[in-house]
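Chemist: First, the structure itself, so that you have it in front of you.
The values are calculated or read from the model by the stated rules, or taken from the named source; none is laboratory data. What you are looking at is a predicted structure, and each value in this text was computed from that prediction instead of being measured. Using ideal geometry, Cβ is built from the backbone for each residue, glycine included, and neighbour counts are taken over all protein chains shown. Each accessible area value is taken on the protein alone, full model and side chains, heavy atoms only, with ligands, DNA and RNA left out. Shrake-Rupley method; radii C 1.70, N 1.55, O 1.52, S 1.80 Å.
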Amino acid sequence: MGWAMSGIADPGTTRMATRCCIAGGGPAGMMLGLLLARAGVDVLVLEKHADFLRDFRGDTIHPSTLQVMHELGLLDALLRLPHDQVRTLSAEIGPAKVEIADFRHLPTRCGFVALMPQWDFLDFLAAEAKRYPTFHLIMEAEATALTEENGRVTGLRARTPTGFLEIAADLVIGADGRHSTIRTQARLKVTDLGAPMDVLWLRLSRHPTDPPQTGGRVESGRILVQLNRGNYWQCAFVIRKGGYDALRAEGLPRFRETLAELAPWLGDRVMEIADWDHVKLLTVTVDRLEQWYRPGLLCIGDAAHAMSPIGGVGINLAIQDAVAAANLLAGVLLRGAPSEDDLRAVQRRRTWPVAVTQKVQVVIQNRIISRVLAGASTETLPLPLRLLQRFPYLRRFPARLVGMGVRPEHVRTPTPLA
């Protein structure tokens, strides 16, 4: 496998070949690319943007992902990048400050969630992957179509600023997110589990006197989360599904007032939201594919299962998918094309943890968040939260679910030859 020259019949298209072509340079795609290259598999990752710098990317690197980085021998180098460490998870709900999760007792190398801009994490993974000669990354390359022969996916086409690429591959990986072109092209069926909320994403400057860590505020009808990104706060304002137009109709001054009421220490800078262009609507989706694969194709991460933002576990699950896929497929790819049974094994390994996590998210969405957004009182805490306050030991259970998941994966791919 390797690179090929442009085809003579179609001079506008460059043709190349690889063992595994990954569409999408997010956490799932970059981690899988690193793991396969480390095992000696020729792998090509396509990222449609010119860089990884995106406001809407999540910032949480969970203990299970930090454990993977430790198993790869990369943890110390990763933690030298600027980051914050969250050892307990809390929120202000009505008049009470509520402790929800305690990560310090997890059986992992790191008893904390690392808050790091995802673009830094992805740049780090890309730099490490490029150390292996079988890893290739093309930026500004957007997958647009699959190529097929006799019912088997044989590669894909991608658009770049200089023309089209046609890539032949023994395996195509769809890791291109919840709006995946790959899964649409593959005609894979999606089960929509529903979400009662959307999120407005905005940034406000951060002052040295501000609270140091990420936090959240929950009041009747309103939810605000603030993520510490060093010199600014990335804020997530949760709204009822489809409620954006009504909120805009109330006017920008009222929206600023709401933010200041929820976080008074931000009140002196809400005027930084000069117009609605400073507020981005993120549509929340919770879904998963009925079948993650076709002959020659496998979807992982958000392309296989879009997660709710609750707990920030989407990145964690995407990484776990990548580790499982590498463990099960690296040896196969070194010999040739994976069979359907090989691809089915990845879905079988990952379906249960995804389904359990989504079930918990849907319960929280429907029984707590939707009621809060509908105006339910937050003066009295629900029984589970009251129990967490009375018995601190119980906080280890949500920490386990958020920080590790129900089936954490460990690196089993071969150690590269010296």
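Chemist: Sorted by average packing, counted as other Cβ atoms within 10 angstrom per residue and highest first, what order do 328-334, 200-206 take?
Modeler: Numbers: 328-334: 19.9, 200-206: 17.9.
The densest-packed peptide leads the list: 328-334, 200-206.
Chemist: Which of rounded, prolate, oblate describes the range 204-340, given a ≥ b ≥ c as roots of the alpha-carbon gyration tensor eigenvalues and a/c under 1.5 marking rounded, otherwise prolate only if a/b is larger than b/c?
Modeler: On the way: a/c = 3.42, a/b = 2.24, b/c = 1.53.
Note, shape of the range 204-340 comes out prolate.
Chemist: To the nearest 10 square angstrom, what accessible area does K97 show with a 1.4 Å probe?
Modeler: Roughly 140 Å² of K97 is accessible to a 1.4 Å probe.
Chemist: Could you work out the mean projected area of the convex hull around the alpha carbons of the range 297-418, in square nanometres to one decimal? Spell out each step's value before the answer.
Modeler: On the way: hull surface 40.7 nm².
Result: a mean projected hull area of 10.2 nm².
Chemist: May I ask you to derive the relative contact order of the range 174-243, considering only C-alpha pairs under 8 Å and at least 6 residues apart, and to give it as an integer percent?
Modeler: On the way: 89 pairs, mean separation 23.2, N = 70.
That works out to 33 percent.
Chemist: Let me ask you something else. Sorted by accessible area with a 1.4 angstrom probe, largest first, how do T108, T65 fall?
Modeler: Numbers: T108 25, T65 0 Å².
From most accessible down to least: T108, T65.
Chemist: Of (i) 43, 25, 22; (ii) 67, 28, 20; (iii) 38, 24, 20, which one was derived for semi-axes √(5λ) of the Cα gyration tensor in Å from the structure shown?
Modeler: The value matching this structure is (iii).
Chemist: Could I ask something else about it? Place +1 on the Cβ of every Lys and Arg and -1 on the Cβ of every Asp and Glu in the range 82-141, take the dipole about the Cα centre, and give the residue among V98, Y132, F121 whose Cα lies farthest towards its positive end.
Modeler: Result: Y132, furthest along the dipole toward the positive end.
Chemist: I'd like to compare 383-391, 303-311: which one has the highest average count of other Cβ atoms within 10 Å, and what's the full order after that? It would help to have the intermediate numbers written out before the result.
Modeler: Values: 383-391: 12.9, 303-311: 25.2.
For the peptides 383-391, 303-311, the packing ranking is 303-311, 383-391.
Chemist: Can you find, among I368, A304, T285, the residue sitting farthest towards the positive end of the charge dipole of the chain, where Lys and Arg contribute +1 and Asp and Glu -1 at Cβ?
Modeler: Towards the positive end, the residue furthest out is I368.
Chemist: Something else now. Using Cα atoms only, what is the angle between the long axis of helix 118-129 and the major principal axis of the chain, expressed in degrees (0 to 90) to the nearest 10?
Modeler: Roughly 30 degrees, rounded to the nearest 10.
Chemist: How high is the relative contact order of the range 253-344? Use alpha-carbon pairs under 8 Å, at least six apart in sequence, and give a whole percent. If you can, show how the numbers build up before the last one.
Modeler: Values: 68 pairs, mean separation 20.3, N = 92.
Value for the range 253-344: 22 percent.
Chemist: Mind ranking 79-86, 150-157, 100-107 by how tightly packed they are, going by the mean number of other C-beta atoms within 10 angstrom, highest first? Can you show the working numbers first?
Modeler: Values: 79-86: 15.0, 150-157: 16.8, 100-107: 18.5.
Top to bottom by mean Cβ count within 10 Å: 100-107, 150-157, 79-86.
Chemist: Next question, about the same structure. For helix 252-262, what angle does its Cα long axis make with the longest principal axis of the chain, in degrees from 0 to 90 and rounded to 10?
Modeler: Roughly 70 degrees, rounded to the nearest 10.
Chemist: Cα axis of helix 314-335 to longest principal axis of the chain: angle in degrees, 0 to 90, nearest 10?
Modeler: 10 degrees
Chemist: Can you give the charge dipole size of the chain about its Cα centre, rounded to the nearest 20 debye, using +1 on the beta carbon of Lys and Arg and -1 on the beta carbon of Asp and Glu?
Modeler: Numbers: 49 positive and 43 negative charges, 238 e Å.
Taking the Cα centre of the chain as origin, the dipole is about 1140 debye.
Chemist: Grab the DSSP H runs of the chain that are 4 residues or longer, score each as -39,500 (n - 2.57), total them, divide by all residues and round the 222 nm result to the nearest 500 deg cm²/dmol.
Modeler: Working: 12 runs with 128 residues, N = 418.
Theoretical 222 nm ellipticity from helices: -9000 deg cm²/dmol.
Chemist: I would also like to ask the following. Using the heavy atoms of the protein chains and a 1.4 angstrom probe, tell me the accessible area per residue for the chain in square angstrom. Don't skip to the end; give the middle numbers.
Modeler: Working: 18480 Å² over 418 residues.
That works out to 44 Å² per residue.
Chemist: Then there's this: With every protein chain present, what accessible area does S220 have (1.4 Å probe, heavy atoms only), rounded to the nearest 10 Å²?
Modeler: 50 Å²
Chemist: Give the carbon-plus-sulfur fraction of the accessible surface of the range 9-135 in %, rounded to a whole number; probe 1.4 Å, heavy atoms of protein chains only.
Modeler: Details: 2350 of 4660 Å².
With neighbouring chains kept in place, the figure for the range 9-135 is 50 percent.
Chemist: Round to the nearest 0.05 the FRET efficiency obtained for R344 and T144 when R0 = 25 Å and r is the Cβ-Cβ distance.
Modeler: Working: r = 27 Å, r/R0 = 1.08.
Result of the calculation: an efficiency of 0.40.
Chemist: Something else about it: Order R348, R217, most accessible first, counting only protein heavy atoms with a 1.4 angstrom probe. The partial results should precede the final answer.
Modeler: Details: R348 155, R217 40 Å².
Accessible-area ranking of R348, R217, largest first: R348, R217.
Chemist: Which residue fluctuates the most in the chain, going by a Gaussian network model with Cα springs under 10 Å, if the choices are A145, A37, A28?
Modeler: A145
Chemist: Which value, in Å² rounded to 10, gives the accessible area of M139 with a 1.4 Å probe and all protein chains present?
Modeler: 50 Å²
Chemist: Which aspartates and glutamates, if any, have their Cα less than 15 Å from the Cα of K280, not counting same-chain residues under 8 positions apart?
Modeler: Answer for K280, where 15 Å is the Cα cut-off: D55, D198, D245, E272, listed by chain and number.
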